[in-house]
Amino acid sequence: MKDYALMMIGAALVNNVILARFLGLCSFMGVTTRIDAAAGMGLATTFVITVSSMADWAVQHYLLAPYGLGFLRTVTFILVIASAVQFTELTVRKVSPPLFQMLGIYLPLITTNCAVLGVALLLVEGRMNFMTSTLFAFASSVGYSLVMVIFAGQRERLAVAAVPRLFAGPPIGFIVASLLAMAFMGFSGISTG
Amino acid sequence: MTRPVEMPVAAPYAATPNSVSRVMIIVMVALTPATLFGFWLYGWPAIYLWMITVGAAAGGEAVCLQLQGRAVAPVLLDGSAVLTGWLLALSLPPWAPWWIGVFGGLFATVLGKQVFGGLGQNLFNPAMVARVALLISFPVHMTAWVAPLPIVAAAAPGPIAGLLITLKGMQPAFDTVASASLLGFAKTELSRGVDLAQSLLHAPIQGWYGSRAGSLGETATWLIAGGGVAMIFLRTITWHIPLAMLLGIAIPAAILNAIDPARYMEASTHLLSGGAMLGAFFIATDYVTSPNTPRGQLVFGAGCGVLTYVIRTWAGYPEGVAFAVLLMNSLTPIIDSYIRPRIYGRNRQGVALEPGK
Amino acid sequence: MFIAVASLTLMGIALGGLLGLAARYLAVEENPLEAELQALLPGSQCGQCGFVGCAQAAAALARNEAAPTLCPPGGRAVAEAIAARLGIRIDLAAVRDDGPQLAFVAEDICTGCCRCSKVCPTDAIIGAAKQIHNVIREACTGCGACVDRCPTEAMGMVPVPVTLPHWIWPRPATV
Amino acid sequence: MRLIERFFKEPRWGVHPDDHKRPAADVPLRVLPQPARVHMPLQQHVGGAARPVVLVGQKVLKGQLLAQSQGNISAPIHASVSGTVTAIAEVTAPHPSGLGFAAITIESDFADRWIDTDPVADPFALAPEEIARRTAAAGVVGLGGATFPAAVKFVLGRRLGVRTLIVNGGECEPYVSSDDRIMRDFPEQVVDGARIIMHAIGADESLVGIEDNKPEAIAAMTRAAAAYPEVKIRPVPARYPMGSDKQLIQTLTGKEVPADARAAEVGVLVHNVSTCAAVHKAIRLGQPLVERIVTINGAAVTAPGNIFAPLGTLVDDLLAFCGLAQAPARLILGGPMMGTLLRHGRVPLVKGASGILAFDAVEAAVPEVGPCIRCGSCTRACPMGLLPLEMAAHIRSGDLDGAIGYSLSDCISCGCCAYVCPSHIPLVQYFSHAKGELSARERAKLRTEAGKRLAEARLARLERDAREKAEVAARRKAERAAAKARVPSPQPEPQEAST
């Protein structure tokens, strides 16, 4: 139990997908202009990561590994992810048209969000069992959502701040992201301790 | 200065005597006793480091303003850059080499503040940004503490020797005074498997009045707290953040200490060591990076406290105030956007009240 | 090799089938984007955007074939509203906005030719043939369609005069 | 002890500026000598401007109707001196823009002859509707500064069954003491006016809220109200903006007026003490509202104090009467917190003007504006519980909708936020600017809609014309064909006339 908790904290905070592994940066910069859009993106991505990593685990263990099809891993994973994204897109469009509007192009682009494939590949590398890998994927995506929401809040404030022209827009965004990553380093050591 | 009549000025045509520089001056005055005590305790190297850090912070601000083509003097005179450098200096090891102060001071005002557009625009506390950057980049120098060696003591370095320490690093003559802060010591011992009951027996000496190894600002705990309380009474800050933060440290500490005293230190030790007091009264209360509403401030303070405790207890770093403050700084916009005051005639959700009630 | 091809094919078919089902059950009607856009446009059909009327302009906007800044009489406010609806960012500095305008007739040059009143989309210009024309301020949308039609250059545009109840505090100079 | 009290007992909203009310408030009331000329603006109230009923050159008596009200919410204007109407033209309005508005100019004959009045000996025998009618005819509007026609509120209060009349003697604006003076000098008029209003709206009690920095007024009012237990004098803490309706209602009754609702909907109605006195004069003496007490104050004034002056008097004349020690660095109509900046003194005294302040350079100094440090002083001071710093930040970056999200519409422009701001940011100006922009946007929208309707009407018309033309052409063609078919019959075509 304690191991699961530590593993999840590690995946969510210490080795945060965005701040420590630098995955999913395009959505991190793209969909964080408003808190609600970032939260929606976080939810959608959480869903996609969790579902696709479960499916990917099954594909890896029952198809790729037994038949020695390791070379097909990326292709099949992308196939699974793309389907999960399509499904999410249909759902979001049905359930929340305004959110669909806000996410815009970034919703179908979850397919190419490297965080999704990255987590799936990390799972394969980690050789985890089904339970652990699902929890790991879920915790990673919660960490992703958390950082997305935090960063969106900060960007909302930056939008009304008098940032010098030289730094306005993405530059100050990346500076903030780096300072945020520095702050998250405070958690380092928790999962090992 | 009156403005030309052509552009109408809106009411009110009266203004409070309060001003930004008055606020900054009050904070500096509140910091002075603790700083002087630190100077006395750690001698000349501490004085030099303080001057270097404050100078670097102010210099960094001046250069940035110059580059942006803004007037330098009026902005520097508001005192915010000096205060940032001062707070940073209080959180550094007092005998740290000069470049720590320079790097930190510049980092604080340039990357912590001016790139955001200057005073009021930054998202993170500049002093803590610099401290965390230093801690991550130079862990050895940032955790090299010295035992207190009052300036009047015979063994203490004089003005010249002190200058050498600041410029060239620790001199062999003073190797004996190298020490560890209590939190760092306990953490190291715990990681070696020595429990607190054992390790605290030969821990670094803790003077009740603050005579112990640590940064300038962590030793004079009571003077810091006194300055903070004075600021509360002068209404420069409100009580919400300091109280919430101290409780946020004390409550989990007391609970876990009661469960396993061999592993978890007492609440009072937590409160009186490290940057807890400095953080609660002077750093977390920074207007710019903390929430605006009393309820938001309670959440913010409690968050700072709990995170400080969590990082101190379970994470890799012995001291967590700076990290905790930065983490809560990052949550401030979200706290502010969800915790708002109730508007007259509306409920908390912003919906108009029913006339019947 | 066979297994690889077969498994990929099977996966593709299975997932495609699932998505097909999902698309059926989660179908939504298309957004009435065009109608919404048309509601945002001034609706005076002045034609300054290059389209025949506002409906055509809205259709072009919905198909992403026109810029949100296409409407001169709408000015900055309309451009902003359209951009917000389409979820795109625009450079507002590029939009010329001299504030609301009104047409006026220089009475000493007007020949009473009636050409302006024929093109006015809101019938805001009155005057019979050979009589000096006049603009009804309340009805004029400031589209400027009449200005080019006047053979004697008697038509012009002026900013709506500021009156006491319509005066707005200037935004304070920023520091 | 006082420190502790200050710490815990202060209300949670508002500010406490230096009140500067004395010595002006303690100087006995003076009466302005007849001015040579007055300008009576047609719009001295909320609502529609009055319509002139006199002609240039006409002789008028004091109290004679000059312009009648137009529309449901409006008020008539009466002559404040006897004399001759010399012009109906634009004069500078008491407004920061310095724009003009229409006014009727009367050259005084210095006779001060009143028109025949219609006094009522026992107002309580009159029907409430009759009191409202007489109050409306006398042109009484809210004299605290809101200038809402008083009679409209009577009718509204009666319809909504208001039980409590709140008489506003808060007068929290610094420098201004005209309400204080009216309570000290004419407390019977105020109390009688309040009782008449209670009768007009059917209220059972009236609470007179007076800030506790006016002990003389409290004493005078208590004496005057001693015989009437239904009129209760309630001292309230001196704190700006206690004189704001919503805050006074909350302090006196504990009730909160819901957003977007009127005070009458929670069973209370607020009238200013000066309004009460004006109602007393309108009913008991039959005199329309043509004079008021106005405070002349500020360091540039030699002899500050309260002046009883005819409406329409130029501010310059009032200042000349009190004497100017120097050219004022700033002229304000009203108080310093919410008053109106005047560009010069050639502006007429209007019904809602409680004070005229002539500031010297020291008082008028505007501190340098700095960046917002998010200290939250404004949030703590805001009596409405708003977040002025967030609203201003959004307005500054051009995001008006963001400011609306912070409930800009609830702002009462009291000025507390801008007063306490340590960076001296002109917050109220940001909000006024945004409110103006938003109402301009609203007007533009209405205009666009009207334009759309007109365009549709035109299209319909063109279509109809085209259709009719086509029909006529078709008929003609048919007829011609028919005519061609039976060439020999030269019959006239009767349908022609009907088209």
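Coordinate-derived values only; no laboratory data. Small disclaimer: the values here were computed from a predicted structure and weren't measured. Cβ atoms come from the backbone with ideal geometry, glycine included; neighbour counts cover every protein chain shown.
Numerical summary
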{"quantity": "Rounded tilt (10° steps) of B:80-90 against the dominant C-alpha axis of chain B", "calculated": "20"}
{"quantity": "Pair C:ILE126, B:TYR338: separation of 7 Å Cα→Cβ label points (nm)", "calculated": "6.0"}
{"quantity": "Angle in degrees between helix B:126-137 and the longest Cα principal axis of chain B, rounded to the nearest 10", "calculated": "40"}
{"quantity": "Of B:LYS113/D:LYS435; D:LYS21/D:LYS351; C:LYS130/D:LYS477; D:LYS246/D:LYS445; C:LYS118/D:LYS469; C:LYS130/D:LYS452, those spanning more than 23 Å from alpha-carbon to alpha-carbon", "calculated": "B:LYS113/D:LYS435; C:LYS130/D:LYS477; D:LYS246/D:LYS445; C:LYS130/D:LYS452"}
{"quantity": "Residue with peak Gaussian network fluctuation, chain C [Cα springs, cutoff 10 Å], from C:GLU34, C:GLU153, C:GLU138", "calculated": "C:GLU138"}
{"quantity": "Virtual spin-label span in nm between C:GLU65 and A:LEU25, 7 Å along Cα→Cβ", "calculated": "4.0"}
{"quantity": "Sequence ranges D:289-298, D:196-205, ranked by mean other-Cβ count within 10 angstrom, highest first", "calculated": "D:289-298, D:196-205"}
{"quantity": "Linear extension gain, B:GLN68 paired with B:MET28, 0.36 nm per residue minus alpha-carbon span", "calculated": "11.7 nm"}
{"quantity": "Gyration tensor (alpha-carbon) shape descriptor, the protein assembly as shown, a/c threshold 1.5", "calculated": "oblate"}
{"quantity": "Three-way shape label, region B:22-337, alpha-carbon gyration tensor, a/c 1.5", "calculated": "oblate"}
{"quantity": "Span-like helix ranges in chain D, DSSP H, alpha carbon extent 18 angstrom or more, Kyte mean at least 1.6", "calculated": "none"}
{"quantity": "Residues with amide H under 5 Å from that of C:SER44, placed H, sequence gap 5 or more", "calculated": "none"}
{"quantity": "Distant-in-sequence amide H partners of C:GLN101 (H built 1.01 Å from N, under 5 Å)", "calculated": "C:VAL160"}
{"quantity": "Span from the region C:47-74 Cα centroid across to the region A:17-45 one, whole angstrom", "calculated": "34"}
{"quantity": "Cβ-based exposure ranking for B:HIS270, C:HIS166, in which fewest neighbours within 10 Å come first", "calculated": "C:HIS166, B:HIS270"}
{"quantity": "Cβ-defined net charge surrounding A:ALA11, 13 Å radius [Lys, Arg +1; Asp, Glu -1]", "calculated": "0"}
{"quantity": "Stretch gain in nm, segment D:THR86-D:ALA36, where the contour uses 0.36 nm per residue and the Cα spacing is subtracted", "calculated": "16.8 nm"}
{"quantity": "Cα gyration tensor category, rounded, prolate or oblate, for region D:369-479 with a/c compared to 1.5", "calculated": "prolate"}
{"quantity": "In range of the label at A:PHE130: residues from region A:63-88 whose backbone nitrogen is under 14 Å from the point 7 Å along Cα→Cβ", "calculated": "A:63"}
{"quantity": "Residue among B:LEU307, B:LEU243, B:LEU256 with the largest mean-square fluctuation in a Gaussian network model of chain B, springs linking Cα atoms under 10 Å", "calculated": "B:LEU256"}
{"quantity": "Proximal lysines relative to A:LYS2, as straight alpha-carbon distance under 22 Å, when same-chain residues fewer than 8 apart are discounted", "calculated": "B:LYS187"}
{"quantity": "Peptide-level mean, for A:148-160, of C-beta atoms on other protein chains within 10 Å", "calculated": "6"}
{"quantity": "Peptide-level mean, for B:320-333, of C-beta atoms on other protein chains within 10 Å", "calculated": "5"}
{"quantity": "Degrees, to the nearest 10: A:35-59 long Cα axis against longest axis of chain A", "calculated": "10"}
{"quantity": "Calculated FRET efficiency for the pair C:ARG89/B:TRP99, C-beta based, R₀ 56 Å, to 0.05", "calculated": "0.80"}
{"quantity": "FRET E, pair C:ARG76, A:LEU6, Förster distance 51 Å, beta-carbon r, rounded to 0.05", "calculated": "0.40"}
{"quantity": "Chain C: DSSP helices with Cα axial extent of at least 18 Å and average Kyte-Doolittle hydropathy no lower than 1.0", "calculated": "C:2-25"}
